[in-house]
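Before any comments, here is the structure.
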Amino acid sequence: MAAGYGEILRARHAARLLTGTLVGRLPNATAAIAIVLFVRSEGGSYSLAGALAAVYGVANAVGQPLLGRLVDLHGQPRVQLPAALLSALAMAVFAFSGTGAPPLAYAAVGAAGLFTPPLEGGLRALWPSVLRREDQVHTAYAMDAVAQEVMFTVGPLLVTLCASLWSAQAALLVLNVLGVLGALSVVLSPPSRAWRSAPREAHWLGALRSPGLLALLAAFLFIGVALGSITVAALSYADGRGGDVVYGWLMAALGLGALVGGVGYGARQWAGAPERRLRVLVALLAVCYLPLMLMPGPALMTVLAAVSGVFLAPAIACAFVIVDRHAPRGTVTEAFSWLVTTFTVGASVGTGLAGPVVERGGALWGFAVPGAAGAVSLLVLLATGRVLAAPARTAVVAASSENDPNRAAEPRFSSGDRA
């Protein structure tokens, strides 16, 4: 595993692209936590915090596939950097205006989410042009999922650290400055500047023409609900047991568990169809959410939070491969952006749902939401098994490259697919 990851990171531009993308995504990855902490520091309610986080998530969900389609049409630098600047500016307006004027707060948070650059989908579109071999691309997907969990482990600690040392307002501002710097590093790299999407047949549905992709998105909607609801339920739990510090550790433990699971998942090459493997991973993920309802002391609760995240990164890495199998040609960035969007929508629904649930029934009922959402996700995968078992492409190596202007062979798309 270490040798495989080392081989990828030694590839020209790979480390820069991975690091820049992770740093550029910090504002998006920590937005729910940062918004919740900021609203609470302003004296706002759980419902207001959840609603603002939900608005950010919904706006992000709208913006990601739209910006992803623009990237496929016009290239990465012309879309990613302006979007990052606009998103950071909108979040700065929210940080300085506060929650005193709710319409302005909702508008600013919505604009920040809408213009969040699709760096995650953009990175996965770049991997084939940087790595070339199919086995390396699949390993890169696993490494990508692991690296994200490092970010989800460090991100909550960074937010709470900034909030403790300075303020929740400072946390919002610092994270968005880092996000712009990360996006700048990516779009100035040679692979990002040279990348062009394959030709595509114009159609308003784009990547959503694939039934298999739609089935995957439906399942990941509920995984997002599970993760989003934990964000609010954990805050309610922490309020009576140590406050922001305990909350930060719970969120970091969730990311750490996913990191450990991702490292283990990437330690081997997996045989068999990824669609079947995803069903097993989602079932295990749902089961591991249930012990959170025990709500023991902070130390043991931190361990349970870590356990609940173990199968998240493997499920995400497996989903990347499935997107590759089902996304129509010429829609690579858009397809990956739809996965990000669906996950974000689910997380936003989860935060919005968990707020009223926690206020009426306490943290116990808040922690019941992720287990139920995980079970629904598994049911979706079981119900759509035949659709997912029929990928849109059968060829392994494309006749013309999605990402390589020199038409080098690429382990992604067959030549017969159209958007």
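The values are calculated or read from the model by the stated rules, or taken from the named source; none is laboratory data. Only a predicted model underlies this, so the values are computations on that prediction, with no experimental measurement involved. Methodologically, a virtual Cβ is constructed for each residue, glycine included, from the backbone with ideal geometry; neighbour enumeration extends over all protein chains shown. When the accessible area is computed, the model is the full protein with side chains, heavy atoms only, and any ligands, DNA or RNA have been set aside. Shrake-Rupley method; radii C 1.70, N 1.55, O 1.52, S 1.80 Å.
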| field | Residues within segment 3-24 that are open to solvent by 20 Å² or more (accessible area, probe 1.4 Å), at negative phi and either in contact with a helix residue (DSSP H, G or I) (Cβ under 8 Å, 6 or more places away or on another chain) or of a type in the set (Lys, Arg) (or both), tallied | value | 12
| How about segment 345-362: which of its residues are under 16 Å from VAL36 (Cα atoms) and open to solvent by less than 20 Å² (accessible area, probe 1.4 Å)? | SER348, GLY350, THR351, ALA354, GLY355, VAL358
| query | Are any of the residues in segment 117-131 of a type outside the set (Phe, Trp, Tyr), within 18 Å of the chain's Cα centre (by Cα) and open to solvent by 10 Å² or more (accessible area, probe 1.4 Å)? | reply | yes
| request: Would you mind finding the one in THR351, THR333, THR394, THR342 that is on the phi < 0 side of the Ramachandran plot and at pLDDT 85 or above? | output: THR342
| field | Among (1) modelled with pLDDT of 80 or more; (2) closer than 18 Å to GLY248 by Cβ; (3) open to solvent by less than 10 Å² (accessible area, probe 1.4 Å) - the single one GLN169 does not satisfy | value | (3)
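When you look at GLY110, is it touching a residue at least 12 places away in the same chain (Cβ under 8 Å), out of contact with any helix residue (DSSP H, G or I) (no Cβ under 7 Å at 6 or more places or on another chain) and surrounded by fewer than 22 Cβ atoms within 10 Å (Cβ to Cβ), yes or no?
No; evaluated as a whole, the condition is false for this residue.
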| query | Just for helices (runs of 4 or more DSSP H) wholly inside segment 254-344: which have at least 2 residues that are surrounded by fewer than 20 Cβ atoms within 10 Å (Cβ to Cβ) and more than 17 Å from the chain's Cα centre (by Cα)? | reply | 274-289, 298-308
| message | For segment 56-82, which positions are open to solvent by 20 Å² or more (accessible area, probe 1.4 Å) and more than 23 Å from PHE94 (Cα to Cα)? | response | LEU66, ARG69, LEU70, LEU73, HIS74, PRO77, ARG78
| said: Any residue in segment 207-229 that is aromatic (Phe, Trp, Tyr) sitting within a Cβ distance under 6 Å of a residue that is open to solvent by 10 Å² or more (accessible area, probe 1.4 Å)? List the pairs, counting only those 6 or more apart or interchain. | reply: PHE220/THR342; PHE220/PHE343; PHE222/VAL376
| remark: The correct count of residues that are among the small types (Gly, Ala, Ser) and either open to solvent by 20 Å² or more (accessible area, probe 1.4 Å) or without any contact (Cβ under 8 Å) to a residue 12 or more places away in the chain (or both) in segment 30-40 is 1
| note | Every listed condition ((1) within 21 Å of THR344 (Cα to Cα); (2) of a type in the set (Gly, Ala, Ser); (3) open to solvent by 50 Å² or more (accessible area, probe 1.4 Å)) holds for GLY50 save (3)
| How many of the residues in segment 156-166 are part of a helix (DSSP H, G or I) and either at pLDDT below 80 or of a type in the set (Phe, Trp, Tyr) (or both)? | 2
| query | Only one residue in ALA207, ALA198, ALA218, ALA233 is modelled with pLDDT of 85 or more and open to solvent by less than 30 Å² (accessible area, probe 1.4 Å), so which one is that? | reply | ALA233
